[in-house]
1. Each residue of the range 133-145 in order: what ³J(HN,Hα) in whole Hz does its phi give by Karplus 6.51 cos²θ - 1.76 cosθ + 1.60, θ = phi - 60°, with x for Gly and Pro?
2. In square angstrom, rounded to the nearest 10, how much accessible surface does LEU60 have for a 1.4 Å probe?
3. Ordered by residue, what ³J(HN,Hα) values in Hz, to whole numbers, does the range 94-106 give under the Karplus form 6.51 cos²θ - 1.76 cosθ + 1.60, where θ = phi - 60° and Gly and Pro are x?
4. Cα convex hull of the range 84-205: mean projected area in nm², to one decimal?
5. May I ask you to evaluate 6.51 cos²θ - 1.76 cosθ + 1.60, the Karplus curve with θ = phi - 60°, for each residue of the range 149-159 and list the ³J(HN,Hα) values in order in whole Hz, giving x for glycine and proline?
6. 5 Å is the cut-off here: which amide hydrogens, built 1.01 Å from N in the peptide plane, fall below it relative to LEU124, excluding neighbours closer than 5 in sequence?
7. Could you please tell me the mean projected area of the C-alpha convex hull for the range 173-217, averaged over all directions and given in square nanometres to one decimal?
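The values are calculated or read from the model by the stated rules, or taken from the named source; none is laboratory data. Predicted model only: the values in this text are computed from it and were never measured. Protein only, heavy atoms only, side chains kept; ligands, DNA and RNA dropped before computing areas. Shrake-Rupley method; radii C 1.70, N 1.55, O 1.52, S 1.80 Å.
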Amino acid sequence: MSAAMGTRATDRRAIKIMRLHGAAINHLSCLGDLVVTGGADGLVRFYDSMLRMSAWFEDLGAGPVSCVSFATKGQARPWAKMQMQRFVAPSFIVSTTSGKLLAVSSESFNDPDPDFLSGAELLLESPTACISDISAHPLRPDLVMLDARQSRLLRWDLVKHVCQASRQLPPKYKASKVMLSRDGSFLVLGGGAGHVVVLKGDSLEDVVVLKNTKHPIVR
């Protein structure tokens, strides 16, 4: 069939092209049955497998979205879905390129408060200029933030609103992604130069540095 169409079996082509945001999509992930997007237009949206919009959070007012992180509660794979015409998903944290962190209640989509349309609470205006990636602690009100521009890593207490630990990373890592483990005891950094760095979750000290490729680690 491929030969009849003038293509090879290994060729890849788009079968559906849709505009999901009015600006660049900075965050793209899957959560259960849904696709999650965060855009430079400041919006967070959820789509089903056919890219039909299922839920949207469009009154955040905190600037361009850079990352979205969901509360896992220790789950290996948190999930989201539409159930009985209701949006069911973990609450989540949104980081923006203006250095703001928001806690967003997913339930606010189902039962919006007229005086609190966004369902979002401002957690902090970060001491770092740009938050490139974040990862929420699965068991504690802690958050790890990465500023890729300044190669800076911070662990933030969301209750006391203080920085509990910080680390200036070696520029050679070109760190761009961060992820906490399921119990929060360690975290992993992915770098643009192919480095994978495992660090202690509390002190942010290196445990092991791996480099098996020259290509960027994107997730």
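1. With coefficients 6.51, -1.76 and 1.60, one gets 7, 9, 8, 7, 5, x, 10, 10, x, 10, 9, 9, 10 Hz.
2. 20 Å²
3. Values, residue by residue: 10, 10, 10, 6, 8, x, 9, 10, 10, 9, 10, 7, 5 Hz.
4. Numbers: hull surface 34.9 nm².
Average of the hull's projected areas for the range 84-205 equals 8.7 nm².
5. 5, 9, 6, 10, 10, 10, 10, 10, 8, 6, 8
6. LEU101
7. Values: hull surface 11.2 nm².
Across all orientations, the range 173-217 yields a mean hull projection of 2.8 nm².
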